[in-house]
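These notes concern the structure reproduced below.
The values are calculated or read from the model by the stated rules, or taken from the named source; none is laboratory data. Bear in mind that the values here come from a model prediction, so they are computed numbers and not experimental data. Cβ placement follows ideal geometry from the backbone for every residue including glycine, while neighbour counts extend to all protein chains displayed. To get the accessible areas, we keep the full protein, side chains included, count just its heavy atoms, and leave off ligands, DNA and RNA. Shrake-Rupley method; radii C 1.70, N 1.55, O 1.52, S 1.80 Å.
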Amino acid sequence: MSKGSPGPTPGFLVWRLANKWRVAVDRAVAPLGLTHAQYSVVASLYGMGRAGERPSQRRLADHTGLEALYVSKLARALETAGLVERARDPRDPRAVQLALTEEGRDVTRRAIDVVQDLHRQLLAPLGGLDAERVHAFTEELTTLLDVPLVPSPPDDETT
């Protein structure tokens, strides 16, 4: 940024923070044989499974914010690794339901512990996981994530 610029935009800062955290989680879970994206899938499946849910790939994609095709690719790789089982949904033969295997639950529990430690470290500058600043930060991020993306109309001058 140059001295004359007003400073970084919120979008730039969110992008930088997302990349910083993604790299940190990638490094933290790599010893467990996972990537950040795979961690997002198995940790979500872990929580959903504890709530009695066996989600479809589509439901998991909606939950994680990942593209359905990417979730399908991740699920296949995790199945090959023995961490996830995929089965046809008896109510909808087009849908595939996902669940963690016993090994998947074990790896995921360990990965969650590692990522929780990482979150403590990353959120320490805001006072730690239980700090009011972290709760406010989480609420602000949730507000932004809850806004639906609406495509911009084409600019009449350029079309």
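Compared with the dominant Cα axis of the chain, that is its longest principal axis, helix 36-50 is turned about 60°. Here the calculated FRET efficiency for residue 12 and residue 118, from their Cβ-Cβ distance with R0 = 25 Å, stands at 0.60, rounded to the nearest 0.05. In the context of the full set of protein chains, the chain has a per residue accessible area of 69 Å² (1.4 Å probe). For the pair residue 136 and residue 89, label points projected 7 Å from Cα toward Cβ lie 4.1 nm apart. Taking Cα extents along the principal axes in Å as calculated from this structure, the corresponding entry among [x] 58, 47, 26; [y] 141, 38, 26; [z] 67, 54, 25 is [x]. Taken about its Cα centre, region 17-159 carries a charge dipole of roughly 660 debye when the Cβ of each Lys and Arg holds +1 and the Cβ of each Asp and Glu holds -1. Considering only 121, 107, 95, the residue lying farthest towards the positive end of the dipole of region 84-144 is 95, judged by Cα position with unit charges set on Cβ. Counting other Cβ atoms within 10 Å, keep those with at most 13, restrict to DSSP loop, and tell me which GluC sites (Glu not before Pro) in region 62-157 are left. Loop-located and lightly packed - 67, 157.
Descending by average beta-carbon neighbour count within 10 Å, the peptides 35-42, 145-152, 56-63 line up as 35-42, 56-63, 145-152, the highest first.
From helices alone, the chain scores -19500 deg cm²/dmol at 222 nm; the rule is -39500 (n - 2.57) for each run of n ≥ 4 DSSP H residues, then divide by the residue total.
Relative contact order of region 25-112: 31 percent, from C-alpha pairs under 8 Å at least 6 residues apart in sequence.
Surface composition of the chain: carbon plus sulfur atoms contribute 56% of the solvent-accessible area (1.4 Å probe, protein chains only, all chains present). Here the relative contact order of the chain, from alpha carbon pairs under 8 Å that lie six or more residues apart, stands at 18 percent.
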